[in-house]
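Written out below as structure tokens is the structure these notes cover.
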Amino acid sequence: MSTIEPRANSLLEIHTPPTTRRPSKVGIELLGLSLAYLHDDNHNHKNQPQFQHIVERIKQGLGSHAPELCDEGVGGTYFMKDDNSRVVAVFKPADEEAHAINNPKQNTNENGSPKKGLTVGEAVIKECAAYLLDKNHFAGVPATCLVKCNHWAFHFWGEDGNNVEQSRSRLLKTKIGSLQQYVDHDCASWDLGPSLFPVTEVHKIGILDVRMLNLDRHGGNILVKHVQGQGFKLVPIDHGYCLPSDIDVEDLFFEWLHWPQAKVPFDEEIISYVNNINIEDDLEMLRQLGLPKENRTVYRVMTTFLKKCVTAGLRLVDIGNMVCRSDPHTPSVVENIYNTAKNAKTGKLMRRISSQMDEAIQQFLAKN
């Protein structure tokens, strides 16, 4: 069976054979918890007990309730339960991602990653980054942190390429991955007509997707919960395919792009939030989280573009159409800006990109 090796010197040691230095008992612990509180004004310390409480509930449940592999998705995703058999979190091991060495669904290939600009083993970092970038819980990304978990139920392919039979061997495996608080919900967005969703809820998710260049926003990873007296609340999940190392959007499509809410101008809350995004602070957080420089550059470009578009009065649909391709063979406006500046021999990258962004936005406004 072919496998794709993770990036060398990755933040995560994602391949841990169960026969080497295996743990003595099941368990789970938080990793790098301080990263969630780099900025006291953005992440309240009250979340620290929340993380710890979730982990403690999982610890109590691991002895009698094994992590349950989810049938959906293309990688290893596990429901984690407390001692009352209630699902409290979702765990995604780094070495069980799509195309990773221990993916239980065997969808590996020899091309390296499922989408251009993505590296196997980094999705768990992106999951945590999405939560940290969603300052003040603006778009509603569920609480997410890095953990290390030991259990026999996790997946491991033997050296001969055969599946290790967990239920018989009971070999404990150590896995590092992202742990996300489980959100009770009624359905996914593609189960309902989008006209039911509040404009602001859609705008908040759209803003998050643009600044992170989310390559996988579809109707199945926007959860919907009806709250009495408040209407429908949208919860964005699954952010492992965001923050790529390059701007290549050949098959990019945002689920919300053709929703009616995308054509509504931003309100003052959205405009104020975007204007107050501190790109330098975000880049430092992403650096400490372990995201490579080229991925951080893409974040800088996309967030700079978002800020300029919002300042110019563009709508979400306008921004989305400038990010996405109109046809598969023609680079988008953002791609052209990025590639032209990146390949230039003179001038600083962001200075050149900023100037080209201004020109592209003015051209768009003149045509529309």
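Any read-out appearing in this document is the output of simple, stated calculations on the displayed coordinates, not a laboratory observation. As the structure is a prediction and not an experimental result, all values here were calculated from the model. Methodologically, a virtual Cβ is constructed for each residue, glycine included, from the backbone with ideal geometry; neighbour enumeration extends over all protein chains shown.
In a fully extended conformation the segment linking H185 and E250 would gain 20.2 nm over its present Cα-Cα distance, using 0.36 nm per residue. Here the extension length gained between E56 and T200 equals 48.4 nm, from 0.36 nm per residue of separation less the Cα-Cα distance. In this structure, E29 and K116 have a Cβ-Cβ separation that, at R0 = 41 Å, corresponds to a calculated FRET efficiency of about 0.75. When the pairs K204/K293; K105/K308; K204/K342 are compared against a 32 Å limit on Cα-Cα distance, K105/K308 fall above it. Can you give the log10 of the normalised intensity I(q)/I(0) at q = 0.10, 0.20 Å⁻¹, computed with Debye over equal Cα scatterers of region 187-367? Ignoring solvent entirely, the Cα scatterers give -0.39, -1.54. Here the calculated FRET efficiency for R86 and A344, from their Cβ-Cβ distance with R0 = 56 Å, stands at 0.50, rounded to the nearest 0.05. The HN-Hα couplings worked out from phi for region 70-75 by the Karplus form 6.51 cos²θ - 1.76 cosθ + 1.60 (θ = phi - 60°) are 7, 6, 7, x, 10, x Hz, whole numbers, x standing for Gly and Pro.
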